[in-house]
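Asks: Structure in structure tokens, see below.
Read-outs: derived from the displayed coordinates by stated rules, not from any lab. Computed from a predicted structure; not experimentally measured. Cβ placement follows ideal geometry from the backbone for every residue including glycine, while neighbour counts extend to all protein chains displayed.
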């Protein structure tokens, strides 16, 4: 899990001794309208709160970029500096939904600016509690740093035009990690149209996790995605969801499985359904 004290894998075990020391920066990435209040009431000791809407997204225009577009790189650089994160820091992110709330999104955004020393806490907040990690209430304090030195998001992403072209040509395998009822168009609690992007495969993110809320072993996750790829390389994969947040859970699962190179459709269904036809079967 660690090499000479440096985070080197996508997931960190809640029993890892490094989580009990002061050398690792913890980020609490729980989301929802009361997320900050829940953080103030109870969080892993020393954790710094990162807000999905303010820190991990730009103001949205759902028809152009979806509900959670990436913030401009300069804003993300400044946010990382405000959080006290520099290139030499180890970072562990957690939420209370197995990484799907926003921990995987924060992990991906850090990786996208070249920060490799970042992992998601396997099992999230509940696993940390079960492991006996220290909890605290109230605000935390830390020393801000200069803006993180980065100039662009370097991990692969596709926009709507690229998705449309790839679906027509078959150059990519598009995988939608939303639940099956949303994918099939039987239920849509957020976006104005129900269904999925035509040609997308469905692989709900819950398939990544075991009954204990922890990620499945790498070999199991590899088998899942190799079945979806049907002989094609992982670089042909594109992950989507509702708005580019939970799709990162799939990218995290792929990293845990040792399958690198998949892309993220940031706008995802929230963008597509407002400007293009959808499918329900």
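Asks: Taking the alpha-carbon centroid of each part, what is the distance from the range 15-49 to the range 251-280 in angstrom?
Replies: 27 Å
Asks: Short version: what are the Cα gyration tensor semi-axes of the range 135-281, square root of 5 times each eigenvalue, largest first, in whole Å? Each step should come with its number before you reach the end.
Replies: Details: eigenvalues 141, 79, 70 Å².
Square roots of five times the eigenvalues give 27, 20, 19 Å.
Asks: Still on this structure, I have one more. As a check on your grasp of the helix formula, calculate [θ] at 222 nm for the chain: sum -39500 (n - 2.57) over DSSP H runs of n ≥ 4, divide by the residue count, round to the nearest 500.
Replies: Numbers: 9 runs with 78 residues, N = 281.
Calculated at 222 nm, the ellipticity per residue is -7500 deg cm²/dmol.
Asks: Between residue 82 and residue 38, how high is the FRET efficiency from 1/(1 + (r/R0)^6) when r is the Cβ-Cβ distance and R₀ = 25 Å? Nearest 0.05.
Replies: Rounded to the nearest 0.05, the efficiency is 0.75.
Asks: Which of 244, 123, 114 moves most in a GNM of the chain, Cα contacts under 10 Å?
Replies: 114
Asks: Find the percent of Cα-Cα distances in the range 2-136 that exceed 18 Å, and round it to a whole number.
Replies: Taking all Cα-Cα pairs of the range 2-136, the fraction more than 18 Å apart is 51 percent.
Asks: So what's the angle, to the nearest 10 degrees on a 0 to 90 scale, between helix 73-82 and the longest Cα principal axis of the chain?
Replies: That helix lies at roughly 20 degrees to the long axis.
Asks: Helix 103-112 against the longest principal axis of the chain: what's the angle in degrees, Cα atoms only, rounded to the nearest 10?
Replies: Helix 103-112 sits at roughly 90 degrees to that axis.
Asks: How far apart, in nm, are two points set 7 Å out from the Cα along the Cα-to-Cβ line at residue 137 and at residue 61?
Replies: My value for the distance between the label points is 4.4 nm.
Asks: What is the helix-to-structure angle for 160-169, meaning the angle in degrees between its Cα long axis and the longest Cα principal axis of the chain, kept from 0 to 90 and rounded to the nearest 10?
Replies: With both axes taken from Cα atoms, the answer is about 50 degrees.
Asks: Using the Kirkwood radius over Cα pairs, work out the Stokes-Einstein diffusion coefficient for the chain at 10 °C and 1.306 mPa s, in µm²/s as a whole number. Please report the intermediate quantities before stating the final value.
Replies: Details: Rh = 18.9 Å.
It diffuses with D of about 84 µm²/s by this estimate.
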